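Worksheet: one structure, shown below.
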Amino acid sequence: QVQLVESGGGSVQPGGSLRLSCAASGIFLSINTVAWFRRAPGKEREFVANITTFGTTNYADSVKGRFTISRGNAMVYLQMNSLQPEDTAVYYCNARRGAGYPFGPWGQGTQVTVSS
């Protein structure tokens with residue numbers, strides 16, 4: 001599978017916003033579902049959001065209404081608004097053909113830190 005590269009992380013205060021980017025080719029996006037995951041220190045990696053080849057989006061309950069995943073120009077974005085300290089984590093993007101298919105290898109991710 002094609003290696004994805006995530007970027008856009010940083011440090012913000014509670015209530016702030018960030019936009020993460022996940023680079024991929026247009027062809028790759030046409031045949032794969034792309035998902036964002038995150039891993040906080042000492043915790044397991046957890047699902048955040050995904051977008052299917054048809055444009056259908058899904059969100060974890062913890063980010064519903066605050067985060068928006070979108071697709072365009074060989075990129076998948078995660079707009080993160082109303083950030084809270086609990087959102088602090090390393091964020092990763094990954095992809096798979098669909099439900100029941102394996103994800104690809106994990107990259108380095110991008111750090112998001114929310115603190116006062």
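The values are calculated or read from the model by the stated rules, or taken from the named source; none is laboratory data. These numbers come from a predicted model, not from an experiment. Counting neighbours? That spans all protein chains shown, and the Cβs are built from the backbone with ideal geometry, glycine included. All accessible areas refer to the heavy atoms of the entire protein, side chains included, with ligands and DNA or RNA removed. Shrake-Rupley method; radii C 1.70, N 1.55, O 1.52, S 1.80 Å.
Some observations on this one:
- Residue that is nearest to GLN79 (Cα to Cα) [pool: residues in the range 18-32 that are at pLDDT below 95 and outside any helix (DSSP H, G or I)]: ALA23
- Only one of the listed residues (ALA49, ALA95, ALA74) is in contact with a helix residue (DSSP H, G or I) (Cβ under 6 Å, 6 or more places away or on another chain) and either touching a residue at least 40 places away in the same chain (Cβ under 8 Å) or aliphatic (A, V, I, L, M) (or both). That residue is ALA74.
- Of everything in the range 1-35 that is over 21 Å from PRO102 (Cβ atoms) and crowded, with 20+ Cβ neighbours inside 10 Å, the residue that is nearest to the chain's Cα centre (by Cα) is LEU20.
- Checked against (1) open to solvent by less than 70 Å² (accessible area, probe 1.4 Å); (2) outside any strand (DSSP E or B); (3) on the phi < 0 side of the Ramachandran plot, ARG38 meets all criteria but (2).
- Residue tally, condition open to solvent by less than 30 Å² (accessible area, probe 1.4 Å), within 23 Å of PHE54 (Cα to Cα) and not in a strand (DSSP E or B), over the range 68-116: 2
- Scanning the range 41-67 for residues that are surrounded by 14 or more Cβ atoms within 10 Å (Cβ to Cβ), within 19 Å of SER11 (Cα to Cα) and not charged (D, E, K, R) yields VAL48, VAL63, PHE67.
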